[in-house]
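Just so you know, all these numbers are worked out from the coordinates, no wet-lab data involved. Computed from a prediction, not measured in an experiment: that's the story for all the values here. So basically every Cβ, Gly included, is an ideal-geometry build from the backbone, and we count neighbours across all protein chains shown.
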Amino acid sequence: MTACQALILAAGRGERMRPLTDHTPKPLLAVRGRPLIEWHADALRRGGFDPLAVNCAWLGDQVQAWAQGFAAAHGCTVAVSHEGRDFGGALETLGGICRALPLLDDIFWVVAGDVFVPDFAFARDAIDRFARSGRLAHLWLVPNPPHNPQGDFGIDAEGHALNVGADAAPRHTFSTIALYRKALFAPPLCNIAAGNPHGSRAALAPLLRAAMDNRGVGAELYAGPWTDVGTPQRLDELQGS
């Protein structure tokens, strides 16, 4: 199979969305008549990114069934990294990316399956610019929502993402949308082997912060609509907007 050019993260339990997620994986909850994950998959397909990959754990068979149905309906390929079947649960963001790494191209998109960003364009020229930059990652940041008022990262005048403290200004929220180079997930920054054969669970933020300290991460602000669908209330608000 041709290497996948994108990974949609769909492995989390979605505790804050219970009871909705007791029987449905959060990325399969419907927004305006379509599963959250499908908004990303359609946008990636429109951008020419095929094949793509998804990871799953909680109620992973439902995610796998969605992937098979979407691929059949659109004549594309959706590979599945099944963390739940292989390791009994989700491997967190870094662990999940490392697990899926053998499926992925040298440069690839990642986006969380539980954010709603209907107007974002996954564009080929973004990959071309990123490839020329020589950086290890490029992040799209958004204005801070009420549930994350302190933000996550800064941006300098040259477009580098900054690992800055909460007292430094300004900071923006990581949208979860990013381009990554496989070299980011290799020593010396990352010690989890490609394919994550031991099922190591690890968060992504410490790796990104270490790369930022080496000026290896770019960033830009995205001003379009974006929602972290983290609570039933936010989901309800999207249905009527």
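Quick notes on this one:
- Within the range 175-213, the set of residues being assigned to a helix (DSSP H, G or I) and among the hydrophobic types (A, V, I, L, M, F, W, C) comprises Ala183, Leu184, Phe185, Ala205, Leu207, Leu208, Ala210, Ala211, Met212.
- Residue-level analysis places His147 among those that are loosely packed, with under 13 Cβ neighbours inside 10 Å and more than 29 Å from Pro102 (Cα to Cα).
- When the range 85-113 is filtered for residues that are more than 26 Å from Thr227 (Cα to Cα) and touching an Asp or Glu at 6+ places or on another chain (Cβ under 9 Å), the ones remaining, listed by number, are Arg85, Arg99.
- Of all residues in the range 30-55, those that are at positive phi have Cβ atoms under 7 Å from Cβ atoms of residues that are outside any strand (DSSP E or B), 6 or more apart or on another chain, in Arg32/Gln239; Gly48/Arg124.
- Count - residues of the range 172-204 that are surrounded by fewer than 14 Cβ atoms within 10 Å (Cβ to Cβ) and under 16 Å from Val111 (Cα atoms): 1
- Counting only residues that are more than 21 Å from Gly48 (Cα to Cα) and part of a helix (DSSP H, G or I), the range 98-129 holds 2 of them.
- Selection count where residues are assigned to a strand (DSSP E or B), more than 19 Å from Gly216 (Cβ to Cβ) and either among the polar types (S, T, N, Q) or in contact with a helix residue (DSSP H, G or I) (Cβ under 7 Å, 6 or more places away or on another chain) (or both), scope the range 130-174: 1
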